[in-house]
Amino acid sequence: MDIATLIGIILAYILVFAALLMGPGVGVYIDIPSVLIVIGGTAGIILMSWPLNKVLNVMTIVMKTFLFKLESPADLIGKLVDFSQRARRDGILALESAEDEISDEFLKKGIRLAVDGTEPEVIRTILETDLSYMQERHKEGAAILTSMSTFAPAMGMIGTLIGLVAMLQTMSDPSSIGPAMAVALLTTFYGAIIANLFAAPLAEKLKTRSAEETMLREIMIAGIMAIQAGDNPRIVEQKLNAYLPPKLRISQFDK
């Protein structure tokens, strides 16, 4: 569980709900026609904008903002340096047995290609293509949520306009103007909640996750290329540590 996402949910949802309870109560903020306009309208627009299979995959994408585990960059660099030491000492074919120690399929693929004697440029092309398409998949997931954060407030405004038109039809009865105005504004409220307490924050978290995974895979590519080139393990470590901020750089050779 991502602790930051959990804390964000507590701060955003629970505190907003508590504020509603402290006011006139939650009941006055519930209006079924407004819910239908905002949620139904937003869902319809998303379906018009994106293929059905990608929309149905949204919940799987959203779960990545809560449950997400990546290897520490420092641990990954340590593993690659260890592989480079083995390859330099016993030859790159010695890494054939190391595949069983690797859980990441991307890294396993790169090591297998290197062990098989594939040309360096071919390895780089294969891995960078894989990385590029991973980034595109991640962008699609974040883009669907970004679209939702754009369309929900727009549907809220449409609902408000519908409510205002209905209110203007009853101007002859002053006592009905206040309740009608409140109902009209609820659609804007729902749209703002969906956009700012759900879709937009999760889209930003997905972008952050994608950037973190991209960096790890770039480290893997650089490490595999250095191992295949037969670089000194110290040089391999320095090359890979360059991806990290200075305070996170750890050297196995200074211990």
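The values are calculated or read from the model by the stated rules, or taken from the named source; none is laboratory data. Since the structure is predicted, the reported quantities are computational estimates derived from the model, not experimental observations. We place every Cβ from the backbone using ideal geometry, glycine too, and count neighbours over all the protein chains shown. Keep in mind that these areas ignore ligands, DNA and RNA; they rest on the heavy atoms of the full protein, side chains included. Shrake-Rupley method; radii C 1.70, N 1.55, O 1.52, S 1.80 Å.
What to note about this one:
- Listed by number, the DSSP H helices of the chain that run 30 Å or longer by alpha-carbon position along their axis and have mean Kyte hydropathy of at least -1.0 are 120-168, 200-229.
- Considering only Cα atoms, the convex hull volume of segment 1-159 works out to 150 Å³ per residue.
- The distance linking segment 204-252 with segment 121-181 is 37 Å (Cα centroid to Cα centroid, whole angstrom).
- Solvent-accessible area, 1.4 Å probe, carbon plus sulfur percent, for the chain: 65 percent
- Largest-first principal axis extents of the Cα set of segment 115-154 (Å): 56, 13, 5
- Potential lengthening between THR150 and ARG137 on full extension [0.36 nm per residue; Cα-Cα distance subtracted]: 2.7 nm
- Two-site label geometry, VAL55 and ARG234: point separation in nm, points 7 Å out along Cα→Cβ: 6.0 nm
- Over segment 77-117, volume per residue of the alpha carbon convex hull, in Å³: 60 Å³
- Note on the chain: with charges restricted to the Cβ of Lys and Arg (+1) and Asp and Glu (-1), its dipole about the Cα centre is near 380 debye.
- Counting every pair of alpha carbons in segment 183-228, the share spaced more than 13 Å apart comes to 67 percent.
- In this simple spin-label approximation, VAL165 and LEU15 carry label points 7 Å from Cα along the Cα→Cβ vector, and these lie 3.9 nm apart.
- The Rg/Rh ratio for segment 124-186, using Cα coordinates for both the radius of gyration and the Kirkwood hydrodynamic radius, is 1.51.
- Convex hull volume of the C-alpha atoms in segment 1-94, normalised per residue: 147 Å³.
- The chain: most fluctuating residue of MET220, MET134, MET22 per GNM, C-alpha cutoff 10 Å: MET22
- For segment 71-170, the percent of C-alpha pairs falling in each 5 Å distance bin, counted from 0 to the bin holding the largest distance, reads 2, 10, 13, 14, 13, 7, 6, 5, 5, 5, 5, 4, 4, 3, 2, 1, 1, 0.
- Within segment 205-255, the ratio Rg/Rh, alpha carbon atoms throughout and Rh by Kirkwood, equals 1.04.
- A simple charge model with +1 on the Cβ of Lys and Arg, -1 on the Cβ of Asp and Glu and nothing else charged puts the dipole of segment 1-141 at about 380 debye relative to its Cα centre.
- Among PRO233, PRO174, PRO24, the largest mean-square fluctuation in a Gaussian network model of the chain (Cα springs under 10 Å) belongs to PRO174.
- Nearest-0.05 FRET efficiency for ALA43 and THR5, computed from C-beta distance (R0 22 Å): 0.40
- Two numbers describe the Cα atoms of segment 157-248: Rg and Dmax, which are 28.2, 87 Å.
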